Amino acid sequence: MRIRTLTTLAATAAVALAGAGATASSALASSPHDYDNAVLQIKTHGGLVLDVEGASTGDGTRVIQWTPNGGDNQRWRFVRIGDHHQIRSVHSNKCLTVALDGSSRVVQWVCSPSRLSQQWDVEPGTVSSTVLNGLTIRSVSTGLPLTATDVLGQQVSVKNSLLGDDPEQVFDFGTSVR
């Protein structure tokens, strides 16, 4: 009798936890842990995605906007570094980096946990933002948001906007399962 009661309690707790997990994906990205180890496509407001140009594995390669094709150079892993994330290309395992030359350009570069130019915060962009939609990606080193102009082949950058909720600085994340 006692074992049956414990089994029932355990099953009830499992169902409750599963329900809590199911609703978490529709909640705002309120915790930096929401993206830990997630592999995602980063989509611009016009439907292009962040892409390591030419599927290169070289340091300093431009990160551009390109038509989604499902390639690993368009998939990004979010790796926790303290209260922030490194965003690593699945193809090259190199990090999304604000260029080391002091410009606002974004490139890929070999990852280093101490390099602030490779650390990013994901923030809700608007009241209707969810864990995967309507998000701003902000550079820890510059404090500026990632910006994509929705021009095919154009390099992404970080920059200020005078528009407030600038659509060029709002991204959706797409899951890409392989």
Of all residues in region 40-77, which are in contact with a Leu (Cβ under 7 Å, 6 or more places away or on another chain) and either modelled with pLDDT under 95 or surrounded by fewer than 21 Cβ atoms within 10 Å (Cβ to Cβ) (or both)?
W66, T67
Residues to consider are G164, G153; find the one that is modelled with pLDDT of 95 or more and not basic (K, R).
G153
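Within region 48-67, track down each residue that is in a loop (DSSP other than H, G, I, E, B), of a type outside the set (V, I, T) and free of Cβ contacts under 8 Å to residues at least 60 places away in the same chain.
Within region 48-67, S56, G58, D59, G60 qualify.
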Out of V90, V131, I need the residue that is in contact with a Lys or Arg (Cβ under 6 Å, 6 or more places away or on another chain), crowded, with 17+ Cβ neighbours inside 10 Å and within 15 Å of L40 (Cα to Cα). Which one?
V90
Might you let me know whether region 117-137 holds any residue that is part of a loop (DSSP other than H, G, I, E, B), more than 14 Å from L48 (Cβ to Cβ), at pLDDT 95 or above and over 16 Å from the mean Cα position of the chain (by Cα)?
no
Residue within region 104-115 that is within 17 Å of the chain's Cα centre (by Cα), under 21 Å from D34 (Cβ atoms) and either surrounded by 17 or more Cβ atoms within 10 Å (Cβ to Cβ) or of a type in the set (A, V, I, L, M, F, W, C) (or both) present
yes
Filter region 77-109 down to the residues that are touching an Asp or Glu at 6+ places or on another chain (Cβ under 6 Å), in a loop (DSSP other than H, G, I, E, B) and hydrophobic (A, V, I, L, M, F, W, C) and list them by number.
V90
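The values are calculated or read from the model by the stated rules, or taken from the named source; none is laboratory data. Keep in mind that what you see is a predicted model, and the values were worked out from it rather than measured. Don't worry about glycine lacking a Cβ; one is built from the backbone with ideal geometry, like all the others, and counts go over all protein chains shown.
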